[in-house]
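K.L.:
Okay, here's the structure, questions in a sec.
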Amino acid sequence: MVQEVPVVWLAASSCTGCSISLLNSASPSIKNVLVDEVIPGVHINLRFHQTVMAGNGEQAIQILEDTAREKKGSYVLAVDGSIPSGDTAGYCVMGERNGRPVTLEERLEELAKDALVILAVGTCASFGGIPAAAPNPSNARPVRELLEDKGIDKPLVNIPGCPPHPDWIVGTIASILLNGLPKAEDLDDNLRPLAFYGKLIHENCPRRAYFDEGKFAKKPGDEGCLYELGCKGPITYADCPIRRWNNGTNWVIGAGSPCLGCTQPEFPNLPFYQKLVDVELPVIGAYWTGEEEDE
Amino acid sequence: MTKIVIDPMTRIEGHLKIETTVEDGVVKDARSTGNLFRGIELILRGRDPRDAQVITQRICGVCPQSHGVAAALNLDSAFGIAGQIPDNGRIIRNLIQGAHVVQDHILHFYHLAALDYVDVTDVAKYDGKDSELNSVKTFIERGELGPFVPRYEGDYRLPPEVNQMATAHYIQALEIRRIGHEMVSIFSGKIPHSVGIMPGGATCTPSMDMITSYLWKLRTVQDFINNVYIPDVLAVAGAYPDYTEIGTGCKNLLSYGQYDLEGGEPDVTKQKRLYIPGVTSADLKPGKLDVDKIAEYVTHSWYEDYPGAKHPSVGETKPNQDKEGAYSWVKSPRYDGKVYEVGPLARLAVNYANGDPVVKELVDSALAQLKAPLAALFSVMGRHLARALCAKLTADNLEKWVLEVKPGEPTYIDNEIPEEATGFGLTEAARGALGHWIEIKGYKVDNYQCVVPTTWNASPRDENGNPGPIEQAIIGTRIRDKDNPYEIVRIVRSFDPCLACAIH
């Protein structure tokens, strides 16, 4: 007998980039994830995802609400996008009830309280991200804050990234299916799985030697460390340099561009193309002390 | 009188509600409501102008690349370096954007639109040896059919063996569009939300292995477009011939043009492009694009009112959800005061109107196979066909362009942020005409305005009460079964709406 794991995916103030990134999963493929037994004996039953599902309107909402009722305590809730709240909660609505639009803030509360586990997929759901950037016109908030406000105490895993690498999403889900819910020691203070977010970009960067020698690129396309062009690698936790993106094709620094720091709570509030200021740089094994520029 | 509300409108990007009133089986009125406002234009204010290239990609994770290009062109123009981008940089921008748009068209037909026409459950009757189809059969036999069921029922017309083949193509297309993203990544680091395009050109250092890798991934995608995608669109159009007449719409088409073919031209409207900037209408006569004729109304949108319409160079975005008479977060862009549709159909029609021989041959031969007149372009199936043919035309040109990249030569020209400047950038996203406008003061963004493809297509009524393109395409349609209003969702999806884009 194959175990069916119900999953519902709520899109709040999102751009759908997290879902498209998940679609790029190479091994397992997205077809393996949704149609096959993603691990032997377990099938992910994606019941609600508005970008993917065949159903329309009312019948789609019905499935969402039935899942919350019939699969109480056993469904996975994935959320992408931060959630407009308070007076501006109406800036993000989906479906109607008694002729009135239902806000994503309400949907999140209803679905979170009976979920097995909640996955905040992407930096917006994890930390607020783009919609919450100053001046945060919609008062958008991350999942964690809203759950705390509503007194909902459910296991939550943040999978940030703008978007997250598909391996981070699929890997987190597979780990839950195989090993159960993550333990406190599996996550960092920001509730990110250490398996993927345990090291700084800077620690594994192939241009690290340039940093240590103080050889810095002055413009995109130059050889050298991209630190002076604004690279956020020294403060950003993710395994991009070793995992690489799009089926291992390339990654941000591989394309000659500074890391934007997109897995961090600070994203996108630091200017992308300006040198980091006031940060304590890791100088693991460095020859260069950071005190003087190269000649 | 019956009211049909579809909320959420699924298998599109984002939060869209479609509300219609039906009388005697015919749609009398339709309203398109965009349901998510983030205020990205407001978030850009006060930032380093270069950040626009990063932030505006996040308007949409389905079409980030085109925002990256629009932002870069916008900043090139504001920084006074438009026309100075090295050829390598110009070509690499085309390769990045082109690969992205081609995979997006494939994704739209198979993964967003096809489930309205293809009955996946027919795979239960499959008795062959294809392992992918047999795994789908196993999936069906397990009995939990999400996300493929529930759905509207009662109008699946393809025979079982065609449904089975189309399901196999749905799965194959997942792989093909992923390869399309790998092509983007070669020159642009990662996707969605890539990094390889900046004001000044492109950031990567091209090498021969990147060129050959791109070329051979492209060949795989081209093979799929020619031998699977286009034949499938023709097969679906053949089985649903009434949809070459349903969803006609406003019949005014606008394209900003796409893919700069030459360097050295600072005026974006004079650029020689693969897709020609211009307008056309039902008569398919060519018209020149005049950027000054673009203006946005907010009469029925949730923003503070202003008199008349505003050109995006002086556009404003002041949310007000309590406004009387407003019903959407989407503004209402109009061209010369009139309603215009944008998208692959517009791109193709503008080139057709200008006598582009390659496009004429593509369109005429496809329509001949369907035994359909030129007027059939203005329909649900016309839009799907135009999208497929644009995918082919773009992919065939990518093959030429990738071989024009010069390994080791510059891709980028140095530039400085001006203290005060204005600029704009126009391109085509997968879904149609995309424009960004900027005003810089004190080296920072003072105002940033985006007019995005679905802003045009999903717009609400304007000051003069003219419904937007999607609304017009629905109004007048006969609905056969109000509990399964296939007609409405098929019309809406033919526009490939993207609401995160439309509102931003």
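K.L.:
When the dipole is taken about the Cα centre of the range A:143-295, and only Lys, Arg (+1) and Asp, Glu (-1) are charged at their Cβ, what size is it in debye, to the nearest 20?
P.N.:
Values: 15 positive and 24 negative charges, 152 e Å.
Roughly 740 debye, rounded to the nearest 20.
K.L.:
Grab the DSSP H runs of chain B that are 4 residues or longer, score each as -39,500 (n - 2.57), total them, divide by all residues and round the 222 nm result to the nearest 500 deg cm²/dmol.
P.N.:
Working: 15 runs with 186 residues, N = 504.
That comes out to -11500 deg cm²/dmol.
K.L.:
What residues qualify as long-range amide H neighbours of residue B:301, i.e. H under 5 Å apart, gap of 5 or more or another chain, H built at 1.01 Å from N?
P.N.:
Correct list: B:327.
K.L.:
If you average the sequence gap of Cα pairs under 8 Å that are 6 or more apart and divide by the length of chain B, what percent do you get for the contact order?
P.N.:
Numbers: 1084 pairs, mean separation 133.5, N = 504.
Over chain B, the number comes to 26 percent.
K.L.:
Under the rule of at least 5 residues apart or a separate chain, name every residue whose amide H is placed under 5 Å from the amide H of residue A:82.
P.N.:
Residues meeting the criterion, in which the H sits 1.01 Å from N, are A:13, A:125.
K.L.:
Do any chymotrypsin sites (Phe, Trp or Tyr not before Pro) in the range B:147-233 lie in a DSSP loop with no more than 16 other beta carbon atoms within 10 Å, and if so, which?
P.N.:
Values: sites: B:148, B:152, B:156, B:170, B:187, B:214, B:216, B:224, B:229; in loops: B:148, B:152, B:156.
Taking the range B:147-233 and a limit of 16 other Cβ atoms within 10 Å, no loop chymotrypsin sites (Phe, Trp or Tyr not before Pro) are found.
K.L.:
Just going by the charge dipole of the protein assembly as shown, with Lys and Arg at +1 and Asp and Glu at -1 on Cβ, which of B:102, B:124, A:98 is farthest out on the positive end?
P.N.:
Selected residue: B:124.
K.L.:
Now a separate question. Run the simple label-point estimate for residue A:97 and residue B:409 please: 7 Å along Cα→C-beta, distance reported in nm.
P.N.:
Output for this residue pair reads 6.2 nm.
K.L.:
Given the options A:185, A:37, A:266, state which has the largest fluctuation in a GNM of chain A using a 10 Å cut-off (strictly under) for Cα springs.
P.N.:
Sorting by GNM fluctuation, first place goes to A:185.
K.L.:
Determine the relative contact order of the range B:282-430: mean sequence separation of Cα pairs under 8 Å and six or more apart, normalised by residue count, in whole percent.
P.N.:
Numbers: 124 pairs, mean separation 30.6, N = 149.
Computed value for the range B:282-430: 21 percent relative contact order.
K.L.:
Follow-up question, since we're still on this one. Just need the relative contact order of the range B:272-369 here, percent rounded to a whole number, with Cα pairs under 8 Å and 6+ apart.
P.N.:
Values: 122 pairs, mean separation 31.0, N = 98.
Contact order relative to length: 32 percent.
K.L.:
OK, next. Put +1 on the Cβ of each Lys and Arg and -1 on the Cβ of each Asp and Glu in chain B; which of B:402, B:430, B:25 then has its Cα farthest toward the positive end of the dipole?
P.N.:
Going by the Cα projections, it comes out as B:25.
K.L.:
Using a Cα-Cα cut-off of under 29 Å, which lysines could be cross-linked to residue B:406, ignoring same-chain neighbours fewer than 8 residues away?
P.N.:
Hits, sequence-local ones excluded: A:215, A:218, A:219, B:190, B:217, B:270, B:272, B:392.
K.L.:
Taking the Cα centre of the protein assembly as shown as origin, work out the dipole magnitude from +1 charges on Lys and Arg Cβ and -1 charges on Asp and Glu Cβ, in debye rounded to 20.
P.N.:
Numbers: 78 positive and 105 negative charges, 261 e Å.
That gives a dipole near 1260 debye.
K.L.:
What list do you get for A:16, B:427, B:212 if you sort them by fewest beta carbons within 10 Å?
P.N.:
Values: A:16 26, B:427 30, B:212 12.
If I rank by nearby Cβ atoms, fewest first, I get B:212, A:16, B:427.
K.L.:
While we're on this one: Local charge sum around residue B:156 (other residues, Cβ-Cβ under 11 Å, Lys/Arg +1, Asp/Glu -1)? Write down the numbers at each step before the final one.
P.N.:
Details: positive: B:151, B:157; negative: B:116, B:119, B:122, B:153, B:155.
Net charge around residue B:156: -3.
K.L.:
Less than 16 Å apart at the alpha-carbon level, and either on another chain or at least 8 residues along: which aspartates and glutamates does that give for residue B:318?
P.N.:
Within reach: A:87, B:41, B:296, B:304, B:305, B:446.
K.L.:
Classify the range B:385-504 as rounded, prolate or oblate from the Cα gyration tensor: take a ≥ b ≥ c as the square roots of its eigenvalues, call it rounded if a/c is under 1.5, otherwise prolate when a/b beats b/c and oblate if not.
P.N.:
Working: a/c = 3.98, a/b = 1.47, b/c = 2.70.
It comes out oblate by the Cα gyration axes.
K.L.:
Can you classify the range B:442-504 as rounded, prolate or oblate using the Cα gyration tensor, where a ≥ b ≥ c are the square roots of its eigenvalues, rounded means a/c under 1.5, and otherwise it's prolate if a/b beats b/c and oblate if not? Walk me through the numbers on the way to the answer.
P.N.:
On the way: a/c = 4.60, a/b = 2.31, b/c = 1.99.
Since a/c reaches 1.5 and a/b is larger than b/c, the shape of the range B:442-504 is classed as prolate.
K.L.:
Applying the Karplus parametrisation 6.51 cos²θ - 1.76 cosθ + 1.60 with θ = phi - 60° to the phi angles of the range B:33-49, what ³J(HN,Hα) value in whole Hz is obtained for each residue in order, glycine and proline being reported as x?
P.N.:
10, x, 10, 9, 10, 10, x, 5, 4, 6, 5, 6, 5, x, 8, 4, x
K.L.:
Mind checking which aspartates and glutamates have their Cα closer than 13 Å to the Cα of residue B:285? Skip sequence neighbours fewer than 8 apart in that chain.
P.N.:
Here the aspartates and glutamates satisfying the reach criterion relative to residue B:285 are B:356.
K.L.:
Need one word for the protein assembly as shown: rounded, prolate or oblate. Basis is the Cα gyration tensor (sqrt eigenvalues a ≥ b ≥ c); a/c below 1.5 gives rounded, then a/b vs b/c decides. Before the final figure, lay out the partial values.
P.N.:
Details: a/c = 1.34, a/b = 1.12, b/c = 1.20.
In terms of gyration-tensor shape, rounded.
K.L.:
Between A:190, A:211, A:229, whose Cα lies farthest towards the positive end of the dipole of the range A:181-232 when Lys and Arg beta carbons carry +1 and Asp and Glu beta carbons carry -1, centred on the Cα centre?
P.N.:
Looking along the dipole axis, the top candidate is A:229.
K.L.:
Another question about this same structure. Starting with the fewest neighbours, write out B:109, B:37 ranked by other beta-carbon atoms found within 10 Å of each beta-carbon. The partial results should precede the final answer.
P.N.:
Details: B:109 24, B:37 27.
Ordered by Cβ neighbours within 10 Å, fewest first: B:109, B:37.
K.L.:
Could I ask something else about it? State to the nearest 20 debye the size of the charge dipole of chain B about its Cα centre, where the only charges are +1 on K and R beta carbons and -1 on D and E beta carbons. Walk me through the numbers on the way to the answer.
P.N.:
Numbers: 53 positive and 66 negative charges, 36 e Å.
It works out to roughly 180 debye.
K.L.:
Amide H of residue B:318 versus every other amide H placed in the peptide plane: which residues, excluding those fewer than 5 positions away on the same chain, fall under 5 Å?
P.N.:
Answer set, sorted by chain and number: B:304.
K.L.:
Can you grab the distance from the C-alpha centre of the range B:336-391 to the C-alpha centre of the range A:106-168, Å, no decimals?
P.N.:
42 Å
All of the numbers you see were taken from the coordinates with simple rules; none came from a lab. Given the structure is predicted, the values throughout are model-derived calculations rather than measurements. Ideal geometry is used to build each Cβ from the backbone, glycine not excepted, and the neighbour counts take in all protein chains shown.
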